[in-house]
Amino acid sequence: MPTRQRAARPADMPVPTDAREVFTDGACSGNPGPGGWAWAVDETLFASGAEPVTTNQRMEIRAALEAVTALDGPLVVVSDSTYVVNCFRDRWWAGWLARGWVNSAKKPVANRDLWEPLIDAVRTRGDIAFRWVKGHSGDRLNDYVDQLAVAATRSLQLG
């Protein structure tokens, strides 16, 4: 019986010299429903926000976009969203642009309104890499941005 070969996983993105890490996360209560996003370099440099009707994927993208537009200098965006990380690590965005914002399934790219400015910022700057971290696994800053995003979501629910 022939053995199946797995496609090689693309290598992690090269890290720009002197890059600082920024952790990002999104949360949503219901999907769609109220949601929150957050980014943090540490417990003293962070931001978060919320939207009344959104999806978890939108909040994950929004967190990365907010971080990239708020912070100068070389960055490694650390996310527990494979959707966000793989877009850059696997260069999904290049195919989307080549096909006129159509995905490999020949459907319009979801969340283009957020992807477009994020991709433009990453391409323009050229000093941003993305790295995946397993969510809810005890990583201090991943847990911190999760708490911030959940708190932002709750602020809408309580408000």
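The values are calculated or read from the model by the stated rules, or taken from the named source; none is laboratory data. Keep in mind the model is a prediction, meaning the values are calculated, not measured. No Cβ is skipped: glycine too gets one built from the backbone with ideal geometry, and neighbour counts run over all protein chains shown.
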>> among the hydrophobic types (A, V, I, L, M, F, W, C), without any contact (Cβ under 8 Å) to a residue 40 or more places away in the chain and within 19 Å of A47 (Cα to Cα): which single residue out of A94, A64, A70 fits that description?
In response: A70
>> Could you check segment 97-138 and list, in sequence order, the residues that are among the hydroxyl-bearing types (S, T, Y) and out of contact with any Gly (no Cβ under 9 Å at 6 or more places or on another chain)?
In response: T124, S137
> For segment 140-159, what are the residues that are out of contact with any Ser or Thr (no Cβ under 9 Å at 6 or more places or on another chain) and within 15 Å of V41 (Cβ to Cβ)?
Replying inline: R140, L141, Y144
>> Here are the criteria: (1) at pLDDT 95 or above; (2) under 22 Å from D127 (Cβ atoms); (3) outside any strand (DSSP E or B). Tell me which single one D12 does not satisfy.
In response: (1)
> Quick one: how many residues across segment 107-122 are touching a residue at least 24 places away in the same chain (Cβ under 8 Å) and part of a helix (DSSP H, G or I)?
Replying inline: 7
> Is at least one residue of segment 129-140 aliphatic (A, V, I, L, M), in contact with a helix residue (DSSP H, G or I) (Cβ under 8 Å, 6 or more places away or on another chain), more than 14 Å from M13 (Cβ to Cβ) and surrounded by 20 or more Cβ atoms within 10 Å (Cβ to Cβ)?
Replying inline: no
>> Anything in segment 90-133 that is among the basic types (K, R) and under 21 Å from D146 (Cβ atoms)? List them, or say none.
In response: R131
>> Restricting to segment 127-151, name every residue that is assigned to a strand (DSSP E or B), touching a residue at least 60 places away in the same chain (Cβ under 8 Å) and of a type outside the set (A, V, I, L, M).
In response: F130, R131
>> Within segment 79-100, does at least one residue satisfy the condition of being among the small types (G, A, S) and more than 18 Å from M13 (Cβ to Cβ)?
In response: yes
